[in-house]
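Novice: Quick one: this structure, given as structure tokens, is what I'll be asking you about.
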Amino acid sequence: MATKKITVTIPEELLEEVRTEIAERGLSAYITEAVRAQRDRDLVGELADWLEQEHGAVTAEEAAAADRELDDLHAEHLRRRAALGGQGAA
């Protein structure tokens, strides 16, 4: 994949916070992953908008069920992370 060097301005405190956590991954890789993740969220939002136009808004019951499922997934993630002793956390 071709790359291009750009200049990005971010708050100094955020930069220092990130640098202490990403030592071997590198700042460029970290920022690339963050931009890719944001782009994915944007695309999911766009898809959600299309689905809402086609099928109507999500009901309160559907939203509550989705929240419960996400809570269950989060709890499983925390359980697995704890079983690894905190290793493999992303």
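The values are calculated or read from the model by the stated rules, or taken from the named source; none is laboratory data. Since the model is a prediction, treat every value here as computed from it, not as a measurement. For neighbour counting, all protein chains shown are included, and Cβ atoms are generated from backbone atoms with ideal geometry for every residue, glycine included. In case anyone asks, the SASA skips ligands and DNA or RNA and just uses the protein heavy atoms, side chains included. Shrake-Rupley method; radii C 1.70, N 1.55, O 1.52, S 1.80 Å.
Novice: Looking at (1) in a helix (DSSP H, G or I); (2) surrounded by 10 or more Cβ atoms within 10 Å (Cβ to Cβ); (3) more than 20 Å from the chain's Cα centre (by Cα), can you tell me which one residue 13 breaks?
Specialist: All conditions pass for residue 13, except number (2).
Matching residues to (1) part of a helix (DSSP H, G or I); (2) surrounded by fewer than 10 Cβ atoms within 10 Å (Cβ to Cβ); (3) of a type in the set (S, T, N, Q):
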| site | (1), (2), (3) |
| --- | --- |
| 23 | no, yes, no |
| 29 | yes, no, no |
| 51 | yes, no, no |
| 54 | yes, yes, no |
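Novice: With the checklist (1) modelled with pLDDT of 95 or more; (2) more than 21 Å from residue 21 (Cβ to Cβ); (3) not β-branched (Val, Ile, Thr) in hand, flag the one item residue 41 doesn't pass.
Specialist: So residue 41 meets the others, but not (2).
Novice: Kindly establish whether residue 69 is modelled with pLDDT of 95 or more, over 20 Å from the mean Cα position of the chain (by Cα) and open to solvent by 100 Å² or more (accessible area, probe 1.4 Å).
Specialist: no
Novice: Before we move on, is residue 19 touching a helix residue (DSSP H, G or I) at 6+ places or on another chain (Cβ under 8 Å) and surrounded by 10 or more Cβ atoms within 10 Å (Cβ to Cβ)?
Specialist: Criteria met by residue 19.
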